Amino acid sequence: GGGGAPKPEKKDDATEPDVKEEEDSDLVPMTVIFGSQTGTAEEFSETLAKEAKKNGFKATVKDIEEYDHEEELPNESFVVFLMSTFGEGQPTDSATNFDMWMKEQEDTSLLSNVTFCVFALGNKQYEKFCAMGKRTDKYLGRMGGQRLMKCGIGDDDASIEDDFMEWKEAFFAAAGARFATSKSEGDEKFTAEWTVDILDGKEAETYNSGFKPAPEFKDNIEMAKVITNKERRQKCIDGGSTREVIFDISDLSISYITADNLGIYPMNDPNTVQTILKKLHTDPDTVFRFQNHDKHLGLPAICSAKDVLLWHLDINNPPKKSLLNVLAGFAGDEKEANTLKSWASPAGKEEYKKNIEAPHMTILGILEAFPSLDVSFGNFVELVPKIQPRFYTISSSSNAQPSAISITMSVLKGGVCTNYLKDLKPGSDYAPIFVRPSTFRLPSKISTPIIMVGPGTGLAPFMGFVQEYEHKSKANGGKPAEGERVLFFGCRKRDVDFIYREELTAAKESGVLTGLQLAFSREEEKKVYVQHLISQQAQALWKMLSGGGYVYVCGATAMGRDVKEAFVEIARSEGGKSAEEAKAMLDTLQDSGRYVQELWST
Ligand SMILES: Cc1cc2nc3c(=O)[nH]c(=O)nc-3n(C[C@H](O)[C@H](O)[C@H](O)COP(=O)(O)OP(=O)(O)OC[C@H]3O[C@@H](n4cnc5c(N)ncnc54)[C@H](O)[C@@H]3O)c2cc1C
Ligand SMILES: Cc1cc2nc3c(=O)[nH]c(=O)nc-3n(C[C@H](O)[C@H](O)[C@H](O)COP(=O)(O)O)c2cc1C
């Protein structure tokens, strides 16, 4: 065993030939700034930077979080932003300050010396599609910046990488024309930036295996013991399964508020990991040290081969085209190299879909299908994207259950995190968790009417709400609070996937819920969904809204869209508003935190 370490390019070597420096001095400086939550915008920024040189530019990549926009932005000559959108049209955590700053700027000549370009990342399933990128484009223009070309749009619901590749071509063409750069034949070959060493002796002997977060992660990640892990459906048909997993946090420093999000770092499938390590001729227990100048690695600097693959690499998603392109350089067989290159090319769109996307081919599949690939362990770790945590809406109340966090998850075929969680043994297994705040907050006045819409696992936060009101009711001698609390839930059939049936029925009986509306989509010929029931209840719901009520919607993005439309229609029909006024009213409710959504695309 033992993995080969790559020979890093010595970038800062003062003895480099002068010719190269002269060449570099002809390059036009370009700053690439990304606002990324799950790594896509960051990856695209790196790709852009790598291709800058052959297009006549010298790129510097910066995370918006570490960029001093006030000082630096007005002094840039050429700047490119790659911005993704989160929440409901919000910036990534890293771009929150920048977003606020942009909105406040009134000086319309602040950026008059700056040429800019924006690529917006988003997902069409969300109503506020690419909002942050579009906003960045708008405000940079308002500050007097020179727009190189119109804002690029990337849709993660289709192929965001294809969108990016197309935009990139147009971008370099426009930038080349604007700055009169000359193109050169670029060196497409991968040069390792990381230094990878094998540790031996004491350093290796004292290594403790298991999950350790990368040092740059800011969340407080702790190992939490699983205390419950049980099926919540009545029947598991066609592999369908919804489980409740409860973590003990009594001895941890983690705390939460009802309906917060629980972040989980999943472990990859150990069998897959073992097979990949064999293919890479690497002993699972070899301990490595990784370095990348002063840049983040996305994993701990010291880590065993096994732990790197178990916890830190995204080995389950189909590899991106950019990765296939780089891998082509590692294929000993020319035919294999050409196939990889063609699948990664714009002309190979359909081939990529057919061979990679549709069969969900993973990096292991690639290693198996292209046996001439000879990648060292170090290069592999540098190249493969790092794994992202998954989020689950907490389904317990922090007042009723301060020392435990429960989540409700639907197990997905082939899904990394849900299949990892489903097998954790209560009482003995631990998982790396952390808490992130959510926008779901109950009104401060307990009697304020609330409307909850949560079909499927979208029910999660409302189980937390139900527990919360039950807790308050107990403290009040068993008397439920004043005010209306209506829940809309939906599933296929009441005797199949009606999760928390007993709890919900009891909550309705005790008055903790004043209304429980159930939509079953597979019981009758006509499919009934929550939005249908919402429309049927128009009058009552309008009364609740007019009385200062709050609306909470949780679950799939498509459902969220339909439900919002149903509410707009209620404001129109019951409130006597025009279609435009009705939509504006819902937008106002949303902006003021009275119409809150937590939606994820499946
Ligand atoms: C704010 C927020 C809150 C959320 N709350 C909840 C919640 O309360 N409950 C809940 O259940 N989920 C929730 N989610 C979704 C959750 O975060 C995960 O996305 C989901 O559980 C899937 O994770 P996974 O790792 O199992 O799937 P992944 O590994 O990420 O897989 C993604 C998709 O690829 C498919 N796939 C993977 N491998 C294969 C393969 N070999 N063949 C075919 N298809 C494959 C999977 O079926 C899945 O559809 C939430 C998401 C967000 C953003
Ligand atoms: C919880 C969540 C909320 C999102 N909200 C939006 C949104 O409001 N509008 C949008 O266009 N895209 C939205 N997206 C999609 C992301 O912007 C898109 O997947 C993007 O490619 C992520 O880029 P990143 O990996 O650089 O963070 C959302 C994604 C998630 C997971």
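The values are calculated or read from the model by the stated rules, or taken from the named source; none is laboratory data. Source: prediction; values computed, not measured. Methodologically, a virtual Cβ is constructed for each residue, glycine included, from the backbone with ideal geometry; neighbour enumeration extends over all protein chains shown.
Does region 43-90 hold any residues that are hydroxyl-bearing (Ser, Thr, Tyr) and within 16 Å of ligand 1 (Cβ to nearest atom), and which are they?
Result: Ser84, Thr85.
Name, by its number, the condition in (1) touching a residue at least 24 places away in the same chain (Cβ under 8 Å); (2) away from ligand 1 (no atom under 16 Å from the Cβ); (3) on the phi < 0 side of the Ramachandran plot that does not hold for Thr40.
All conditions are met except number (2).
Where residues in region 20-47 are within 16 Å of ligand 2 (Cβ to nearest atom) and part of a loop (DSSP other than H, G, I, E, B), which of them is modelled with the highest pLDDT?
Ser36
Restricting to region 64-87, give me the number of residues that are in contact with a strand residue (DSSP E or B) (Cβ under 6 Å, 6 or more places away or on another chain) and within 16 Å of ligand 2 (Cβ to nearest atom).
So the answer is 8.
Out of everything in region 161-197 that is crowded, with 18+ Cβ neighbours inside 10 Å and within 30 Å of Gly332 (Cα to Cα), what residue ends up being modelled with the lowest pLDDT?
Phe190
Residue check: is Lys235 of a type in the set (Lys, Arg), outside any loop (DSSP other than H, G, I, E, B) and either buried (at least 22 other Cβ atoms within 10 Å of the Cβ) or away from ligand 1 (no atom under 14 Å from the Cβ) (or both)?
No; evaluated as a whole, the condition is false for this residue.
Got a sec? Which of His312, His293 is surrounded by fewer than 21 Cβ atoms within 10 Å (Cβ to Cβ) and not charged (D, E, K, R)?
The conditions single out His293.
For the list (1) in contact (Cβ under 8 Å) with a residue 24 or more places away in the chain; (2) more than 16 Å from ligand 2 (Cβ to nearest atom); (3) not acidic (Asp, Glu), I need the number of the one condition that Ser578 fails.
Evaluating Ser578 over (1) in contact (Cβ under 8 Å) with a residue 24 or more places away in the chain; (2) more than 16 Å from ligand 2 (Cβ to nearest atom); (3) not acidic (Asp, Glu) leaves (1) as the failure.
One residue is enough: does region 545-561 have a residue meeting the conditions at negative phi, over 27 Å from the mean Cα position of the chain (by Cα) and part of a helix (DSSP H, G or I)?
Yes; the residues of region 545-561 include at least one that is at negative phi, over 27 Å from the mean Cα position of the chain (by Cα) and part of a helix (DSSP H, G or I).
Name the single residue, out of those in region 133-158 being within 16 Å of ligand 1 (Cβ to nearest atom) and touching a residue at least 40 places away in the same chain (Cβ under 8 Å), that is surrounded by the most Cβ atoms within 10 Å (Cβ to Cβ).
Per the criteria, the residue is Asp156.
Residues are listed down the side, and each one gets a yes or a no for (1) within 21 Å of the chain's Cα centre (by Cα); (2) part of a loop (DSSP other than H, G, I, E, B); (3) hydroxyl-bearing (Ser, Thr, Tyr); (4) assigned by TED's automatic domain parsing to the domain that holds Phe370:
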| residue | (1), (2), (3), (4) |
| --- | --- |
| Asn271 | no, no, no, yes |
| Ile276 | no, no, no, yes |
| Phe288 | no, no, no, yes |
| Asp307 | no, no, no, yes |
| Asn316 | yes, yes, no, yes |
| Ser322 | yes, no, yes, yes |
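Counting only residues that are within 16 Å of ligand 2 (Cβ to nearest atom) and touching a Ser or Thr at 6+ places or on another chain (Cβ under 9 Å), which one in region 411-429 is nearest to Arg243 (Cα to Cα)?
Ranking the qualifying residues of region 411-429, first place goes to Thr418.
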